[in-house]
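Data block below; observations after.
Please treat every number below as a calculation from the coordinates, not as lab data. In this text, all values refer to a predicted model and were calculated from it rather than measured experimentally. Note: ideal-geometry Cβ built from the backbone for every residue, glycine included; neighbour counts use all protein chains shown.
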Amino acid sequence: MFRLSGETLHVYFLGTAGALPTPTRNPPCIMIRRGSDTLLFDCGEGAQQQMMRSRCGFTINAIFVTHWHADHFLGIFGLVQTMSFNGRTEPLTIYGPEWVHDFVATLRQVARFNLKFPMESVELGHGSWVRFDGYTVSAFSVNHGLPALGFVLEEDPRPGRFDRERAIELGVPPGPLFGKLQRGEVVKIGMGESAIEIRPEQVMGELRRGRKIVYTGDTRAVHYGIMDIAHDADLLIHDATYDESEAARASEFYHATAGQAGEAAAALNAATLVLIHTSSRYTDVQAHVSDARKKFTGPILAPNDLDMVEVPFRD
């Protein structure tokens, strides 16, 4: 049976800075809200205030951490305490690379208050995946000088387009039976021995792809190694810490340039490129966008903190 997919898919850029925050940019924190689910990808310091400014609330279903540099996880300490104070009872799972169990154990130890909900840790590696209702989050290895991951959020395929005229031609009356066919159910027309079955594949077109978001976290350019998992993203959120004038520094500190992000978007056939993790040395991102534009001809976003992007279906 097919799952009808009409859920909203919103990406909130709660923190877009590099390792050092600025007066206008917080450390990395990306919230993805799909339907009623809310996932955090990294959670830098100050994330709670950004959630309040965005009016997102603190109802988080899971947290995915790309790596254990402080700018990517310090916000979790305060967030966990706030959720406990607010009466949360549902378990919270924190997913991450090697050392995630140590991190959650430390979180429990330093939290000198009565934690009112269970907290779990799950270690992920390249090729690991986590199943949610209607979509999957998969992990891939990146190159950042320590165990680090990127993540892919990919929706399940959607049913093909319903051929109303063909259904009527086959004798299906307009009404509830149309909905059953669209949900993948076989329907019967007529009574007794003269009844005939109409199968969904007789009136439904080819399956249509769901939406896909790729988040690299901090990394040197790695697109050549993730073609199988990260291709055809609707939104590629890529490390672009430096512009091309600092290419040597980017390599030294295991980051990517905006030009390399553009090259990745082109190679992976991304629909839209998002440049993230801007170094505090830059007062604007015009050079970053220009560098990426030389490699990628599609839409390029360099979001400010609190910007939100809605990801549409390509078709």
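For the chain, adding -39500 (n - 2.57) for each run of n ≥ 4 DSSP H residues and dividing by the number of residues yields -6000 deg cm²/dmol at 222 nm. In terms of surrounding Cβ atoms within a 10 Å radius of their Cβ, Tyr215, Tyr95 rank from fewest to most as Tyr95, Tyr215.
With R₀ fixed at 25 Å, the C-beta to C-beta distance from Asn114 to Ala70 puts the FRET efficiency at about 0.45.
Each of Thr93 and Arg209 was given a label point 7 Å from its Cα along the Cα-to-Cβ line. The distance between the two points is 2.6 nm.
Model label points for Arg166 and Arg249, set 7 angstrom from Cα along the Cα-to-Cβ axis, are 5.8 nm apart. Net charge in the neighbourhood of Val104 (other residues with Cβ under 14 Å of its Cβ; Lys, Arg +1, Asp, Glu -1) is -3.
Using the Cβ-Cβ distance between Arg293 and Phe103 with R0 = 41 Å, the FRET efficiency computed as 1/(1 + (r/R0)^6) comes to roughly 0.60. Close amide H partners of Phe64, meaning residues 5 or more places away or on another chain with modelled amide H under 5 Å apart, are Leu40, Phe41, Asp42, Tyr95.
From the residues Phe151, Gly171, His69, which one has its Cα farthest along the dipole of the chain in the positive direction, the dipole being from +1 and -1 charges on Cβ of Lys/Arg and Asp/Glu about the Cα centre? Of the candidates, Gly171 comes out farthest on the positive side.
Net charge in the neighbourhood of Gly217 (other residues with Cβ under 13 Å of its Cβ; Lys, Arg +1, Asp, Glu -1) is -3.
With R₀ set to 35 Å, the beta-carbon distance separating Arg183 from Arg53 gives a calculated FRET efficiency near 0.30. With just the Cα atoms defining each centre, how far is region 128-154 from region 203-273? Give it in Å. Cα centroid of region 128-154 versus Cα centroid of region 203-273: 13 Å apart. Restriction of the GluC sites (Glu not before Pro) in region 183-242 to DSSP coil positions whose beta-carbon has at most 14 other beta-carbons within 10 angstrom yields Glu185, Glu206. Taking the empirical scaling 2.2 N^0.38 Å for compact globular proteins as reference, the chain has a Cα radius of gyration ratio of 1.14. As a proxy for reagent exposure, ranking His144, His101 by other Cβ atoms within 10 Å from fewest up yields His101, His144.
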